[in-house]
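Working notes for the structure below.
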Amino acid sequence: MVDGVAFVDGKYIPADELRMAVFDLGFTRGDAVYDTTSVWKGYFFRLDDHVARFLRSAAGMRLKCPYEPADLKRILATCVQRAGFENSYVQMIMTRGTYQSLTNRDPRLCENRFMAYALPYIWIVSPEKQESGINLAIVDNRRTPTEAIDPRIKNFNWMDLQRGLFEALDRGADNAVLCTPAGFLAEGPGFNFFLVKDKKLLTPKSNMLEGITRQTVFDLAAELHVPCVAADLPPEALRNADEAFLSSTAGGIMPVTQVDGKPLGNGAPGLLTTELRTRYWQKREAGWLGTSVRALADAESVAGMA
């Protein structure tokens, strides 16, 4: 059973009743886009940024969202409020829908489908594990070339990421970092990452999703007057870093203490990593860049919604 509330076909339903037709191209072809935002202490974080990226992703895949940004925000907020969550993991999805018939496979004729849901907040790395740090593996499996699938469009084509995760787990690691086809560091399944070298922050610049939490790290670094640069980084840059951490909506800033099973730095969460992580959550607790769930959900209902 899934605890939460979903929205589909103009109605709010229990999250465990959310369904997709087996013939929806979102299922049979992975032809769908999504975005995930979060709520902490009753406030969405950077909600406008997430909604804007979701709509860019939909446009990039020629999917038409039936709702305007203000309507999307009210739908998401209503899911959270009806579920009664103070802290929540909130996702919106657009799928291609079904063909008019199986003998007429023109995707332009499909009726695109929108759905959303709110679940209890999800950590891709538990807070307990974050205290000791993550063992990250640089895997052999490469990211799909950007010429084939633009990673700036947040999509469900995760086979390369899943293969990388299997490889990392089989090697005894907690998670994986994949490289670009050219051999530079890229990203992992559901996260960007940063490394620290000589008090400077570095992060990959290509073949990865430009994460909202990634941008937040740039913002926090500017507040601390710490240089932060996106660059093409070889695997050795991570193996030889002083510190490293992951960034994701589902967990915030998460320390890495091992790479390929070997200690990174002194083998404990780094000082700059810890400062950034602490500042991130302190500011989230205070409602930084936040949008009130209650204010949105109490706003005038979208016409035609149940």
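No value in this document is a laboratory result; all are computed from the given coordinates. Everything numeric here is computed off the predicted structure, so don't read it as measured data. Counting neighbours? That spans all protein chains shown, and the Cβs are built from the backbone with ideal geometry, glycine included.
Have a look at PHE54, PHE156, PHE191 and tell me which one the Gaussian network model of the chain (Cα, springs below 10 Å) gives the largest fluctuation. Residue with maximal mean-square fluctuation among PHE54, PHE156, PHE191: PHE156. Relative contact order (percent) for the stretch 127-269, with alpha-carbon contacts under 8 angstrom and 6 or more residues of separation? Rounded, it is 28 percent for the stretch 127-269. Springs between Cα atoms under 10 Å define the GNM used for the chain, and in it the highest mean-square fluctuation of GLU167, GLU275, GLU210 occurs at GLU275. Taking amide H as placed 1.01 Å from N in the peptide plane, the amide H of ILE122 sits under 5 Å from that of TYR89, each at least 5 places away or on another chain.
Taking Cα atoms, how many degrees apart are the long axis of helix 271-285 and the longest axis of the chain, rounded to 10 and kept between 0 and 90? For 271-285 against the chain, the angle is about 30 degrees. Note on GLN100 and PHE218: the model spin-label points, each 7 Å out from Cα along the C-beta direction, lie 4.3 nm apart. Over the chain, dividing the summed -39,500 (n - 2.57) contributions of all DSSP H runs of at least 4 residues by the number of residues returns a 222 nm mean residue ellipticity of -8500 deg cm²/dmol. For q = 0.13, 0.14, 0.15 Å⁻¹, what log10 I(q)/I(0) does the chain give under the Debye formula with an equal point scatterer on each alpha carbon and no solvent? Treating every Cα as an identical point scatterer, log10 I(q)/I(0) equals -0.96, -1.10, -1.23. Take the alpha carbon gyration tensor of the stretch 42-144, find the square roots of its eigenvalues, order them as a ≥ b ≥ c, and report rounded if a/c is under 1.5; if not, report prolate when a/b exceeds b/c, else oblate. In terms of gyration-tensor shape, oblate. Extent along the principal axes, Cα only, for the stretch 100-208: 57, 38, 30 Å, with the longest axis given first. Relative contact order of the stretch 221-276, taken over Cα pairs closer than 8 Å and 6 or more residues apart, is 29 percent. Amide H contacts of ILE138: VAL177, ASP260, each under 5 Å away and 5 or more positions distant or on a separate chain (H built 1.01 Å from N in the peptide plane; Pro and chain starts excluded).
Semi-axis lengths, largest first, of the ellipsoid equivalent to the stretch 127-269 are 21, 18, 14 Å, with √(5λ) applied to each eigenvalue of the Cα gyration tensor. Whole-Hz Karplus values for the stretch 185-201 come out as 4, 10, 6, x, x, x, 7, 8, 8, 10, 10, 10, 9, 6, 6, 10, 8 Hz, taken residue by residue from phi with 6.51 cos²θ - 1.76 cosθ + 1.60 and θ = phi - 60°; glycine and proline positions read x.
Rounded to the nearest 10 degrees, the inclination of helix 47-60 to the longest alpha-carbon principal axis of the chain is 70 degrees. Taking the chain as a Gaussian network of alpha-carbon nodes connected by springs under 10 Å, the highest mean-square fluctuation of the residues LEU18, LEU55, LEU76 belongs to LEU18.
Contact order for the chain, expressed relative to its length and based on alpha carbon pairs under 8 Å spaced 6+ residues apart, stands at 21 percent.
For the stretch 127-269, a simple Cβ point-charge model (Lys and Arg +1, Asp and Glu -1, everything else neutral) yields a dipole of about 100 debye relative to the Cα centre. Principal axis extents of the Cα atoms in the stretch 49-88, from largest to smallest and rounded to whole angstrom, are 34, 17, 13. Taken over the stretch 13-61, the ratio of Cα radius of gyration to 2.2 N^0.38 Å equals 1.43.
Annotation for the stretch 222-275 versus the stretch 117-159: alpha-carbon center distance of 15 Å. Which entries of LYS11/LYS205; LYS129/LYS205; LYS41/LYS154 show an alpha-carbon separation above 31 angstrom in the structure shown? Flagged as over cut-off: LYS11/LYS205.
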